[in-house]
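Read through the structure below, which is laid out as structure tokens, and then see the notes.
The values are calculated or read from the model by the stated rules, or taken from the named source; none is laboratory data. Note that the coordinates shown come from a computational prediction; the quantities given were computed from them, not determined experimentally. Every residue, glycine among them, receives a Cβ derived from its backbone with ideal geometry; neighbour counts consider all protein chains shown. SASA here: full protein model, heavy atoms, side chains in, ligands and nucleic acids out. Shrake-Rupley method; radii C 1.70, N 1.55, O 1.52, S 1.80 Å.
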Amino acid sequence: MKQKHIELVAMNHHYLFFELEDFFASAHECGFQSVELWTAPQHFFMDYQQNDPVTKITRLMDRYSIQVMGLCPEQTNPKPHNMAAKDPSIQERVYLYFTRAIDVAKEIGASQVLVTSGWAFYSEPLTEARKRSVEMLKRVSSYAERKSINLAMEALRAPESLIANSVEDLHSLIKKVDCPALKVCLDIGAMVAAGDTIQGYFDTFGSDVIHSHFVDCGERSLHLSLGDGERNIAQDIEEFARNEYRGVLSVECTDAQASYNPKAADARSMATYKRAYEAIDDGAHL
């Protein structure tokens, strides 16, 4: 009996030198039904005061029959939107930025917003930055809960941040925030960098793993298109399925080589995904 497929969705990181419509058109042609939208300024501009009209997104959704299932706001150094910001004036801008992202997600019919712990200054005690991260996550999560939007928090790799690199770090932060709207994104690249496992995420978080940045990993990058690295994609997918995962598998390709021809990279991901399910159905993936 064939296993029900976990949906593969596209992301637009590697379309940074292409227009947003190019991304939607390519996603449609490659067979994706949903996308996760990274809010790159020249694709969809958003800061703490303003954003592009949401019709810029909804028109493309209608034109290409593509659903935006979630937003991935910009939030790593040197971007100003640091969940663990130290300066009080920056903290208020960060809160307004993420609540705006939640509002945009709600307006376009998306179900979630991707968040991180933010990052610490190397010259300060890490415990202080973690406290700030928890306080801001509490504020933003409370707003998300009121809007019926989930936040999916992923671990970051060092040196992107030292606040939450591992399953253990994520669990500690989420427990301190203690808000049902704050869930987990399993980022395969960050997982590999930390020495964690897919099963370890599910053992710790269970059904709170609502999202995945699902990528291949190799010497060139830990965020490759599927088939461009060394992971057993069929085995990874089956591990998600075995844990009754209900989210999607979002291909967060940040590989510089893919930016020259992102459509070809997405086509490889989709082809690899389909071959993986053929292997799963045949029992030949191990």
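Residue under question is Ile233, and the condition is that it be within 27 Å of Val113 (Cβ to Cβ), modelled with pLDDT of 95 or more and either touching a Ser or Thr at 6+ places or on another chain (Cβ under 6 Å) or not hydrophobic (A, V, I, L, M, F, W, C) (or both); does it hold?
Taking the combined requirement at face value, the residue satisfies it.
Do you know which residues across region 167-176 are out of contact with any strand residue (DSSP E or B) (no Cβ under 7 Å at 6 or more places or on another chain) and either of a type in the set (Asp, Glu) or more than 20 Å from Pro125 (Cβ to Cβ) (or both)?
Those that are out of contact with any strand residue (DSSP E or B) (no Cβ under 7 Å at 6 or more places or on another chain) and either of a type in the set (Asp, Glu) or more than 20 Å from Pro125 (Cβ to Cβ) (or both): Val167, Glu168, Asp169, His171, Lys175.
Can you pull out the residues in region 73-106 that are open to solvent by 10 Å² or more (accessible area, probe 1.4 Å), of a type in the set (A, V, I, L, M, F, W, C) and either within 18 Å of Lys131 (Cα to Cα) or in contact with a Leu (Cβ under 6 Å, 6 or more places away or on another chain) (or both)?
Hit for region 73-106 is Ile90, nothing else.
Out of region 138-166, which residues are over 15 Å from Gln112 (Cβ atoms) and touching a strand residue (DSSP E or B) at 6+ places or on another chain (Cβ under 7 Å)?
Ala155
Among the residues of region 60-71, is there at least one that is under 30 Å from Thr272 (Cα atoms) and free of Cβ contacts under 8 Å to residues at least 12 places away in the same chain?
For region 60-71, residues under 30 Å from Thr272 (Cα atoms) and free of Cβ contacts under 8 Å to residues at least 12 places away in the same chain: present.
Scan region 217-250 residue by residue and report those that are in contact (Cβ under 8 Å) with a residue 24 or more places away in the chain and touching a strand residue (DSSP E or B) at 6+ places or on another chain (Cβ under 6 Å).
Leu224, Leu226, Asp228, Arg231, Gly247, Val248, Leu249, Ser250 - these are the residues of region 217-250 that are in contact (Cβ under 8 Å) with a residue 24 or more places away in the chain and touching a strand residue (DSSP E or B) at 6+ places or on another chain (Cβ under 6 Å).
For region 3-106, please list each of the strands (runs of 3 or more DSSP E) lying entirely inside it that holds at least 1 residues being under 25 Å from Ala258 (Cα atoms) and either more than 20 Å from the chain's Cα centre (by Cα) or among the acidic types (Asp, Glu) (or both).
34-38
Under 9 Å between Cβ atoms, at least 6 apart or on separate chains: pull out the pairs that start in region 121-148 with a residue that is assigned to a loop (DSSP other than H, G, I, E, B) and end on any residue that is basic (Lys, Arg).
Phe121/Lys86; Glu124/Lys86; Lys147/Lys106; Ser148/Lys106
If we scan region 79-91, do we find a residue that is within 19 Å of Ile210 (Cβ to Cβ), in contact with a helix residue (DSSP H, G or I) (Cβ under 9 Å, 6 or more places away or on another chain) and not acidic (Asp, Glu)?
Taking every residue of region 79-91 in turn, at least one turns out to be within 19 Å of Ile210 (Cβ to Cβ), in contact with a helix residue (DSSP H, G or I) (Cβ under 9 Å, 6 or more places away or on another chain) and not acidic (Asp, Glu).
Within region 174-286, which strands (runs of 3 or more DSSP E) (wholly inside it) include 2 or more residues that are open to solvent by 20 Å² or more (accessible area, probe 1.4 Å)?
Filter on region 174-286 gives an empty set.
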